[in-house]
Amino acid sequence: MESVQQYKVEKEPQETLAMDPMKFILWLFLVSIIMLFASQSSAYLVRRAEGNWLEFAMPKIFWYSTGVLLISSAAMQWAFFSAKKDQFKELKIAISITFVLGLVFLWMQFEGWKELVAMNVYFVGNPSGSFFYVFTGLHGFHIISGLIVLLYSLTAAFRLKVHAKNLRRIQICATYWHFLDLLWLYLFVFLLTFN
């Protein structure tokens, strides 16, 4: 009798792990971005070790833009918490603030590039400058993609399609935005340390 009961227990179907396809695609995308920046970081260190490396002070505007991005991340988290509580007014305000701060960050990056040119640090001429422009430019490109995702979530929020029972858009948006913030912090510290 015991063996029959054991047999029944062993044959019960096991739970399968299921993941939202959009979240799965997002995580694959994040892994590819990590691999891209890891390879660029490695190339940076190898090239720096070869010499002919122009050292320059990072313009202060990059410090300020880092603060702007951190505040935008806090606003994004506020938007997510507001969506979970169906606080639609706060959700719209918070996600709008995040979007505007993302634009401000991009503008500050561009101003930082202008300061680099004023310091005679160009995209062509010395590898250190080239790498700096590539790192900040690639990150800026991903910020633009993040702003597109934010705009999609912002539009959904104003149409009341983001709420406690439908958090998928805002979760994907928040995950991507926080990732971009962490990526910038990594780049910022990396460039400060190894410039």
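The values are calculated or read from the model by the stated rules, or taken from the named source; none is laboratory data. Predicted, not measured: the structure shown is a model, and the values here were computed from it. Neighbour counts run over all protein chains shown; Cβ positions are idealised from the backbone, glycine included. Surface accessibility is based on the protein's heavy atoms, side chains included, excluding ligands, DNA and RNA. Shrake-Rupley method; radii C 1.70, N 1.55, O 1.52, S 1.80 Å.
Tabulated values for the structure
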| item | result |
| --- | --- |
| Along the chain, longest interval not containing exposed trypsin sites (Lys or Arg not before Pro), exposed being DSSP loop plus at most 10 other Cβ atoms within 10 Å | 61-158 |
| Per residue accessible area of the chain, 1.4 Å probe, in Å² | 59 Å² |
| Accessible surface of the range 25-155, 1.4 Å probe, proportion on carbon and sulfur as whole % | 73 percent |
| Pairs of lysine residues in the chain - Cα separation under 16 Å, sequence separation of 8 or more or cross-chain | 8 |
| Rounded if a/c under 1.5, otherwise prolate or oblate - the chain, Cα gyration tensor axes | oblate |
| CD proxy at 222 nm, helix term only [per DSSP H run n ≥ 4: -39500 (n - 2.57); per residue of the chain; nearest 500] | -28000 deg cm²/dmol |
